[in-house]
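K.L.:
What follows is a structure written as C-alpha cells; I'll ask about it next.
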Amino acid sequence: MNAPNDTPHSPSFPSRLPSVGTTIFTVMSALAAEKGAVNLGQGFPDFDCDPRIVDAVSNAMRAGHNQYPPMAGAAPLREAIANKIERVYGRRYDAGSEITVTAGATQALLTAILCAVHPGDEVIVVEPTYDSYLPSIELAGGKPVFVTLEAPDYAIPFDRLAAAITPKTRLLLINTPHNPTGTVWRAEDMQKLDAILRGTNVLVLSDEVYEHMVYDGAPHESVSRYPGLAERSFVVSSFGKTFHVTGWKIGYVAAPAALTAEFRKVHQFNVFTVNTPMQLGLASYLADPAPYLNLPAFYQQKRDFFRAGLANSRFKLLPCEGTYFQCVDYSAISDLPEAEFATWLTGEIGVAAIPVSAFYHEPHESGVVRFCFAKQESTLATALERLAKL
C-alpha cells in the first residue's frame, strides 16, 4: 500500500532501442504541414490508385472473404506472385512453400532479420540505408558492419564489401533500386556479388520494393534472376509501392523453402497473417500485368519533368536510375549541413526534402538532399516554381 505522500508512477525499464527517436520522415512531414510546404520528403504518392484495384478489394469483402486467411497468405495471391516473378525474372518459386504475404515490406525485413540473425552475428549493411534496417538488427542482437557508398555516384565498393565478410557474417542487406540514392544494381554487380558469396554461408536480404521503377530501358536485376544468389536470399517487394497504395501495408517475401520455413516461424507470431480482402483483390488485379509493366514509363515521365524543371537551377542533379527519388547536390546554394538545409528549405522556400545524411549510422555530410517525385504534375510544378527562387 502506498504511503500517503507517495505519487504513483509507471515503472521504468531499459530501452531495447535507446538510440532511436522519431524518424526523419515524420519530422520533415510534420514541419512541411506546419509551414504549408510542398512535401517532397516522405516517399508516398499524392494521387489515387487504379479504381479497379479498389473494386477488386470491395468485391472480395462483399463476397464474404472477411475471416482469417492462411498464415502464409491467401493461396490465389501466392500463386499470382509466383506467376509474376516467373514471368518477369524467370525463376519459379513454389507458391505453397516459398512465397509469404506480409504486412508491408518493413515487417518482411524485420521478420527476415529476426529469423536469421542470432545475438552476436554480423550483418553487412550498405549505407546510406533505409531507416528500419539498423533497429531490426539491434532487436535481433546482431552487429551491423557498414559498407559506405559515397556521393556523387554511390558506386558499390566490392573490394570493401568482400573484405567485410568474416566467419561471423550471417546476413548481407542489399537494396536495388536504392533508397535514397536512386542507383540500381546492374547484371555485372549481381555477378560480382554471386562470386564473392560463393562458398560462404552468408544469407542475403534483398530489398526490391522499387523493382518496377527502373528507367531508360534498363531491366531490374532481381537476385531471383541469379540461381546462386536466389538460393541464399530472402527477396522482399511491396504492393504499396507498385500500385500506389502505401497505406495498405501489404507486401511479400520469396525465398527457398528452407529459408521460408524459418521466416514463417517468426511471421506467425509477429503478424500471423494479412487482411483477407486485400489479398484476394490483389490476386484478381495481378491477372493483368500491364499496371506493373507500364510503371517504369509512368514514373520516368515524372522523373524527367522534375529533372527538366531543376536543370537550370543551382542544384546539381545526381543520376536517378530507379526509385521515385531524385537526389541533388546543393553545395552551390548553401554550406549548411544537410539537416539544417532541409529545415531551411522547408521553412523559407516551402519545399520539404530529406537530408541524405539521415540514412547513415553516424554523421556523414555530402551536401545532398532527396526529393520524392511520386506526385501529381501540378504538385511538382508548384515545388519547381518555389525552388526556382534559388
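K.L.:
Report the dimensions of the stretch 280-336 along its three principal axes from the alpha-carbon atoms, largest first, rounded to Å.
P.N.:
Sorted largest first, the three principal extents are 51, 21, 14 Å.
K.L.:
For the modelled label position 7 Å from the Cα of Arg62 along Cα-to-Cβ, which residues of the stretch 271-302 have backbone nitrogen atoms closer than 15 Å?
P.N.:
Counting only backbone N, you get 281.
K.L.:
Can you figure out the FRET efficiency of Asn83 with Asn270, using R₀ = 22 Å and their beta-carbon distance, to the nearest 0.05?
P.N.:
After rounding to 0.05, the efficiency reads 0.20.
K.L.:
Further question: Taking 7 Å along the Cα-to-C-beta vector as the label spot, tell me the Asp131-Ala30 distance in nanometres, rounded to one decimal.
P.N.:
1.1
K.L.:
Length gain on complete extension for the stretch Ala195 to Glu377, per 0.36 nm per residue less the alpha carbon to alpha carbon distance?
P.N.:
Full-extension gain reported as 61.2 nm.
K.L.:
Modelling each spin label as a point 7 Å along the Cα-to-Cβ direction, I'd like the Val20/Glu340 distance in nm, to one decimal.
P.N.:
Once both label points are built, they end up 3.0 nm from each other.
K.L.:
Now a separate question. Using the Karplus curve 6.51 cos²θ - 1.76 cosθ + 1.60 with θ = phi - 60°, what ³J(HN,Hα) values do you get for each residue of the stretch 376-390, in whole Hz, with x for Gly and Pro?
P.N.:
Rounded to whole hertz, the list is 4, 4, 5, 5, 5, 5, 4, 4, 5, 4, 5, 5, 4, 5, 7.
K.L.:
What are the residues whose amide H is under 5 Å from the amide H of Thr176, where those residues sit 5 or more places off or on another chain and H is modelled from the backbone?
P.N.:
So Thr176 has HN proximity to Asp207.
K.L.:
Please give every one of the lysines within straight-line cross-link reach of Lys375, meaning a C-alpha to C-alpha distance under 17 Å, and leave out same-chain neighbours fewer than 8 residues apart.
P.N.:
Within the straight-line limit of under 17 Å, Lys375 reaches these lysines: Lys241, Lys302.
K.L.:
A follow-up question, please. Could you pull out which residues in the stretch 126-141 have an amide N less than 18 Å from a spot 7 Å beyond the Cα of Ile165, following the Cα-Cβ vector?
P.N.:
Correct set: 126-127.
K.L.:
In angstroms, what radius of gyration and Dmax does the stretch 231-376 have, counting Cα atoms only?
P.N.:
That works out to 19.6, 54 Å for Rg and Dmax.
K.L.:
Ok, one more. Could you tell me what percent of the DSSP beta bridges with both partners in the chain are antiparallel, to the nearest 5?
P.N.:
In the chain, approximately 45 percent of DSSP beta bridges are antiparallel ones.
K.L.:
What is the fewest-to-most order of Trp185, Trp344 by other Cβ atoms lying within 10 Å of their Cβ?
P.N.:
Listing Trp185, Trp344 from fewest to most nearby Cβ atoms yields Trp344, Trp185.
K.L.:
Suppose each label sits 7 Å from its Cα in the direction of the beta carbon; what would the Asp304-Ala287 distance come out to in nanometres?
P.N.:
3.4
FYI, it's all coordinate maths here, none of it is from the lab. No experiment lies behind these values; they were computed from the predicted model shown. Because the Cβ atoms are built from the backbone with ideal geometry, glycine has one as well, and the counts that use them run over all protein chains shown.
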